[in-house]
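Take a look at the following structure, please.
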Amino acid sequence: MELMAWLAEQGCSVVFKADGERSPGHRWMVIVSGGPLGTESFFRSNEASADACLEATLAHLESVGITPFA
């Protein structure tokens, strides 16, 4: 929740979803758009767990030079 709040403070929109109708291994999804990612860019990841979504989001942010740990 802290990461989502930080992203919102940066001007991002964040969707975090759990979908029991999807197949195991891909039931969690995160989408981040806007803010420092730019108006035409977004990040989306489908993962097996909420923790895996968090890790994927942090890895993507780091890859584009954005960090909540500064």
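The values are calculated or read from the model by the stated rules, or taken from the named source; none is laboratory data. Here the structure is a predicted model, which is why all the values come from computation and not from measurement. Glycine also receives a Cβ, built like all others from the backbone with ideal geometry; neighbour counts cover every protein chain displayed. Accessible surface areas use protein heavy atoms only, side chains included; no ligands, DNA or RNA. Shrake-Rupley method; radii C 1.70, N 1.55, O 1.52, S 1.80 Å.
Kindly report the accessible area of the chain per residue (heavy atoms of protein chains, probe 1.4 Å, no ligands, DNA or RNA), in Å². Don't skip to the answer; put the middle values down first.
Numbers: 4600 Å² over 70 residues.
In whole numbers, the chain has 66 Å² accessible per residue.
Given a 10 angstrom Cα cut-off, can you work out which residue in Ser49, Ser23, Ser33 is the most mobile in a GNM of the chain?
Looking only at Ser49, Ser23, Ser33, the biggest GNM fluctuation is shown by Ser23.
If you stretched the chain out fully between Phe69 and Phe42, how much longer would it get, using 0.36 nm times the residue separation minus the C-alpha to C-alpha distance?
On the way: separation 27, 0.36 × 27 = 9.72 nm, distance 2.05 nm.
Gain on extension, Phe69 to Phe42, equals 7.7 nm.
Next up: Pulled fully out, how much extra length does the chain show between Ala50 and Met4, if you take 0.36 nm times their separation in residues and subtract their Cα-Cα distance?
Numbers: separation 46, 0.36 × 46 = 16.56 nm, distance 1.25 nm.
Extending this stretch completely gives an extra 15.3 nm.
Distance in nm between label sites at His26 and Leu58, each 7 Å beyond Cα in the beta-carbon direction?
Here the answer is 2.6 nm between the modelled labels.
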